[in-house]
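Everything on this sheet refers to the single structure shown next.
Every number in this text was worked out from the coordinates using simple rules, so none of it is lab data. Quick caveat, the model's predicted, so the values are computed rather than measured. Cβ atoms come from the backbone with ideal geometry, glycine included; neighbour counts cover every protein chain shown.
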Amino acid sequence: MRTLVNILKKELLQLRRDPKILPILFLAPVIQLTLLGYAATTDIRRVELAVCDLDRTASSRELVEELTRSTYFRLTAAVESQDGLDQLLQSGRARVGLTIPAGFAADRSAGRSGAVQLVADGADALSGTAGMTYAATALQQATVAAGVRPLIELRPVVLYNPDLVSCNYMVPGVLAMILMIMTMMLTAMALVREREIGTMEQLLVTPLSPGHLIVGKLLPYALVGCVEFSTALAVVLFWFGVPLRGPFVVLVLLTLPFMLCTLGLGLLISTLSRTQQQAMMLTGFVFILPQMLLSGFAFPIQNMPAVFQWFTYLVPLRYYLVILRGVFLKGVGPSVLWREGLALLGLGVAILGLARLRFRRQLA
Amino acid sequence: MLRRTFAIAVKELLQLRRDLRTALTLIVMPVLLLFVYGYALSFDVQHIRLAVVDHDGTQASRDAAQAFLRSGYFDLIAQGQDERMLDPLFDRGAAQAALVVPFRYASDLSAGRATTLQFVLDGSDSQTATTILGYARQIAASLSPLVDVGAASGPIVPVPLVWYNPDLSSTRFLVPGLLAFILMVSSVIATALAVVREKERGTMESLRATPLVAVELLLGKTLPYLVVGFVSAGGALLVAHLLFDVPVRGSLFWLAAVTLLFLAVGLAWGVLVSTIADSQQVAFQLALLSSMLPTMILSGFIFPISSMPAFLQWLTRIVPARYYLVALRGIVLKGAGPSVWWPEMASLGVFGALLVAIATARTVRSL
């Protein structure tokens, strides 16, 4: 037990000795979380709208008013001709173009339907589609206001996130990603560095067993991870105001098996690479990138081809995201999330076991 | 000056050849990654898990449910007559949406009275939810005719048209962004260790004895990586074109030119990182942190810049991929010429020069 404490002290001392590491460890996650929490938004707003009004009646002007009154659109230009509109779309200065043909008002007051041309920039699929949807909805509302109603009305009821604010969904995701990257990187780099410098050999001469060595090396980074998690969580709760609807205890408890996975991965990486440059590439491309892109953080897993969906079962971040979002947004507890917790625990034990095996084989 | 720069480039190339694993990784990785993730990443929502609660139990209500299922977007995962079955389904994530048909739906319809269909949605992922709602609205609209309830005027009918990407496949939009992301990360990582390695090994001292100037050292070190990066970028673009239907509507020459500029800026970023860090460990972390997350989230790859708060839009100006994406998407998807994107490329050029200047200043100080 005492040997463990000694290893812990040594690791913490080493950490403290490199002055550049400390701000990276503690400030960087908070800053990144703050910045990226704001940026990771799928709420499409202020879509650049250009209008070509060939009718120039009160009715057509009212229509344009309707569209620009909300925050969904930002009127960037009003042009005289279709060509002008085309140019704006091509240069990207407009994402949606609305052309109101001459005779629009006349058609409508005669009881005929008034057709308007909506052009969306499909190159920016998100803004383009969103803009199209907003415009179509606004036009439908205008139609209803004129007294023409559909026979069957669809009434939406949105659960968990009634205002469809993407912040509550994305910010916990950013928290998870930052936590994962930091803990994995630290562990991997620290261990590989020892090996490169050669101090690993020296540690082997000590009366420490490999198991003790591993635990002793991982524990300080687990502690650092916990501190980072707490500070980042505070930012999420108090700065972003993301509501925590589920039990806080469950959140904390289920973060531990996730950290087990990430620390284990860090250890595994260190056993797989001989130089720090290799470790970096490995960490970056094989372990961090897939988790960023395939965990369901920004791209829904259900949209992926089947083979990828199968693969995501091996990605710890996938489960942790379900846990985080479940506790924050849905307010569910262990009765729903126990499966994910168990999966994380299982993955963590497996990864650590594999890493330990490789570690021991390399020592021999 | 050129001869000395070239000499350093050759030295770096030799060192690169010795670490074959790294060299291969640098070339093959971007292509492989584009291949893999180009297939995986999509915003096109399918197989939406739908539950149906039918209070009416008539032919008409069944028709309504069928209309949803026939659209090809929805999968039926549960059916019943009690709304209370929905809560646990949504909590577990087993259901994403639910259609609730009210009692007297059929009789209201046949009598010409307005009726409502309730559509319950899991709103957690607002983007997917919005897409699903869009589908549902379309389907509901196709179910019912418009009824003139004492109209003051005729309806407004939008005629939609989508340019550049008519089937709105998110892949065509995402793949260029993915390419920019992959190239940026690999460029920064490639060079981040370049100078630090010399510092750590102590060979920096030996370089001090040579007639080298700081600029020559930095340029020489990055030249091999520029070539390597360009080759892999070419491979990745080929994959994008052949496998993901990403067109190349603009000029190949300009495409190559802007890509070269972008790679150079990415490498310069890596070099700058390497002059700030004193150990490979810190260099690595700084490189990864400063390239991966910001490029993924702030470059316009996934999240539109125009939707971000103003102060963040300002911040995206220091993300090189942001500028590259405007030109890349413009050239590839819209066939846009330099007249459209030259401001972005000019900014990128200036930014790159700035990075090189700072890196040189720092290296001079240490030399």
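Computed values, structure above
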quantity: Whole-Å distance, taken between Cα centres, linking region A:122-174 and region B:197-232; calculated: 53
quantity: Inter-label distance for residue B:39 and residue B:21, nm, one decimal - labels placed 7 Å from Cα along Cα-to-Cβ; calculated: 2.6
quantity: Helix-only [θ]222 nm of chain B, DSSP H runs n ≥ 4, -39500 (n - 2.57) each, per residue, nearest 500; calculated: -22000 deg cm²/dmol
quantity: Förster radius 60 Å - calculated FRET efficiency between residue B:205 and residue B:84 (Cβ-Cβ, nearest 0.05); calculated: 0.20
quantity: Relative contact order %, chain B, counting alpha carbon pairs below 8 Å whose residues are six or more apart; calculated: 21
quantity: Relative packing of peptides A:153-160, B:245-252 - highest average C-beta neighbours within 10 Å first; calculated: A:153-160, B:245-252
quantity: Peptide B:201-211 - average C-beta neighbours from other chains (10 Å radius); calculated: 0
quantity: Burial ordering of A:292, A:189, fewest other beta-carbon atoms within 10 Å first; calculated: A:292, A:189
quantity: Net charge of Cβ neighbours under 15 Å - reference residue A:87; Lys, Arg +1; Asp, Glu -1; calculated: -2
quantity: Antiparallel DSSP beta bridges within region A:47-145, percent to nearest 5; calculated: 25
quantity: Using a Förster distance of 60 Å, the FRET efficiency for residue A:212-residue B:318 (Cβ separation, nearest 0.05); calculated: 0.85
quantity: Separation of the residue B:230 and residue A:83 label points, Cα + 7 Å toward Cβ, nm; calculated: 3.9
quantity: Label-point gap, in nm, between residue A:230 and residue B:63 - each point 7 angstrom along Cα→Cβ; calculated: 6.4
quantity: Shielding by partners - mean other protein chain Cβ count within 10 Å, residues of B:37-44; calculated: 6
quantity: Normalised alpha carbon radius of gyration of region B:284-347 [divisor 2.2 N^0.38 Å]; calculated: 1.18
quantity: Gyration tensor over alpha-carbon atoms, chain A, equivalent ellipsoid semi-axes in Å; calculated: 55, 21, 17
quantity: Principal semi-axes in Å for region B:251-367 [√(5λ), Cα gyration tensor, largest first]; calculated: 27, 18, 12
quantity: Gyration tensor verdict on chain B (Cα atoms; rounded if a/c is under 1.5, prolate if a/b is larger than b/c, oblate otherwise); calculated: prolate
quantity: Cα radius of gyration and Dmax for region A:47-145 (Å); calculated: 12.8, 38
quantity: Gyration tensor (Cα) of region B:151-275, equivalent ellipsoid semi-axes in angstrom; calculated: 46, 15, 12
quantity: Alpha-carbon spread of region B:48-143, three principal axes, descending order, Å; calculated: 38, 26, 20
quantity: Protection proxy ranking of A:350-358, B:170-178 - average other beta-carbon atoms within 10 Å, highest first; calculated: B:170-178, A:350-358
quantity: Percent of beta bridges antiparallel (DSSP, the protein assembly as shown, rounded to nearest 5); calculated: 20
quantity: Sorted peptide list for B:260-270, B:106-116, criterion being average Cβ within 10 angstrom, highest first; calculated: B:260-270, B:106-116
quantity: Under the span-like rule (Cα at least 30 Å along the axis, Kyte-Doolittle mean at least -1.0), DSSP H helices of chain B; calculated: B:170-201, B:214-244, B:252-276, B:338-366
quantity: Relative contact order of chain A, defined on C-alpha pairs under 8 angstrom at six or more residues apart (%); calculated: 19
quantity: Reciprocal of mean inverse Cα separation for the protein assembly as shown (Kirkwood radius, Å); calculated: 27.9
quantity: Around residue B:336: net Lys/Arg minus Asp/Glu count, Cβ-Cβ under 9 Å; calculated: +3
quantity: Cut-off 14 Å between beta-carbons: net charge of the residues surrounding residue A:209, Lys and Arg +1, Asp and Glu -1; calculated: +4
quantity: Average beta-carbon neighbours from other chains, 10 Å sphere, peptide A:107-115; calculated: 5
quantity: Estimated FRET transfer efficiency when R0 is 35 angstrom, pair residue A:203-residue B:2 (beta carbons, to 0.05); calculated: 0.10
quantity: DSSP H segments from chain A that extend 18 Å or more along their own axis, Cα-based, with Kyte-Doolittle mean of 0.0 or above; calculated: A:21-39, A:125-145, A:167-197, A:210-234, A:248-272, A:334-363
